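Read the structure below first, then the notes.
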Amino acid sequence: MDRRGSVSTVLHSATIVGVSAANLTGAVIGIDAGGSSTRARAVDRGVVVHEGIGGPGNPIMADRQTLLDSYGAALAGCPPAARVVACVSGAGAAAERDQLLALLAELIPGARIDVRPDYVAAVAAAPEGTDVTIIAGTGSLICSRIPDGSFAVSGGRSWILGDHGSAARLGRSLLEWYCNDPDAAQGEFARSVASAVGDSDWRQIVKLIRAAANPGALLARAAPILTEAAQTGHPWAIERLDAELALLAAATMHHIHRHVRPRGISPAGAPPAGPVRVALVGGVWTSGLATSSFTAALSQLGPPGVLAAPSGLSPLDGAVRLAETLDS
């Protein structure tokens, strides 16, 4: 089911005794946070002065202490900053944004802080002329900017009900195959599975996933096993990879027809529209085979023509861009 809505800007500033905005440097901080990790980068007049990483940063999937630990680790050693933009998976609703605003005000006192959904950073990082941005990390999401400046968003809904083509879904598919016939998947696969999720016995794997505070992040750790097996030429892995990315391709084409190139809306006499340009963002697209599988599935779905390629910049780059232009 598609979701369409404008992203409101939520701003927050805080001052703690001994720290005021007058003491801050010219640095700005961009934060990209999702179900598996939280990344922060501080830039001062074009120079990177801090890079940090922490654990899960999605406020829907993690409790407050986990969030505090994750953002604290990503910001440890970071210099003071005047402006901060955090683009976060799971921060689409006001309650989650307010939670993160309060938490970040504790960690970065005195700064002007803006919390936005993760897809806003991905769109900001996409090449000029991009029509649709597809995020495929722990989860997946399809997004495009519409004329009124808001965003049309499709997909998501977590690995249980959606997130097709995401690392969580790819890892789920790999573990499903492994647990169905663990005797046939011994040797290198058993060792890889144990390294990724903590055990090679299928019974223990089931228990670990059930008990995990963040099952999606745990499943996502098994995704590279599937893409590497497909790259090696294992038919079962290719079939499973293609199946997941075909579902993401179908959702993408549905989004295009609904929000970018609605069917039947073409002014009489207008020249044919060019291809729809799609930017691919997130860890899944580091697999060349995943990218080619997705683009092949898109091409089979018919018009309009689609040009899809990995974005040259990351969502963290986009968050920094947003921080640099905050209030400008």
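The values are calculated or read from the model by the stated rules, or taken from the named source; none is laboratory data. Remember, predicted model here, so these are calculated numbers, not experimental data. As a convention, Cβ positions derive from the backbone with ideal geometry for all residues, glycine included, and neighbour counts pool all protein chains shown. For the accessible areas, the whole protein counts, side chains as well, though only heavy atoms, and no ligand, DNA or RNA atoms are used. Shrake-Rupley method; radii C 1.70, N 1.55, O 1.52, S 1.80 Å.
Key figures for this structure:
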item: Positive minus negative residues near residue 71 (Lys, Arg vs Asp, Glu; Cβ under 11 Å); result: 0
item: Over the chain: helical MRE at 222 nm, DSSP H runs n ≥ 4 each giving -39500 (n - 2.57), nearest 500; result: -12000 deg cm²/dmol
item: Debye intensity ratio in log₁₀ form over the Cα atoms of the range 59-156, taken at each q of 0.19, 0.24 Å⁻¹; result: -1.00, -1.29
item: Per residue solvent-accessible surface (Å²) - the range 148-252, probe of 1.4 Å; result: 46 Å²
item: Cβ-placed point charges (K, R +1; D, E -1), dipole of the range 200-328 about Cα centre in debye, nearest 20; result: 340 debye
item: Within the accessible area of the chain (1.4 Å probe), percent carbon and sulfur; result: 54 percent
item: Backbone HN-Hα couplings from phi across the range 287-296 [Karplus 6.51/-1.76/1.60, Hz, Gly and Pro as x]; result: 8, x, 5, 4, 4, 5, 5, 5, 5, 5
item: Amide proton proximity set for residue 83, modelled H, under 5 Å, gap of 5+; result: 29, 112
item: Dipole of the chain, positive end: most advanced residue of 238, 152, 78 [Cβ charges, Cα centre]; result: 152
item: Dipole moment magnitude, nearest 20 debye, the chain about Cα centre, only Lys, Arg, Asp, Glu C-beta charged; result: 560 debye
item: For the chain: rounded, prolate or oblate by the Cα gyration tensor [a/c cutoff 1.5]; result: oblate
item: Debye, to nearest 20: dipole size of the range 113-187, +1 on Lys, Arg Cβ, -1 on Asp, Glu Cβ; result: 120 debye
item: Peptides 310-319, 136-145 ordered by average Cβ neighbours within 10 Å, highest first; result: 136-145, 310-319
item: Karplus 3J(HN,Hα) series, Hz, for the range 303-310 with 6.51 cos²θ - 1.76 cosθ + 1.60 (x for Gly, Pro); result: x, x, x, 10, 10, 10, 7, x
item: Selected from 83, 277, 258 as most flexible by GNM, with the chain as the system and alpha-carbon contacts under 10 Å; result: 258
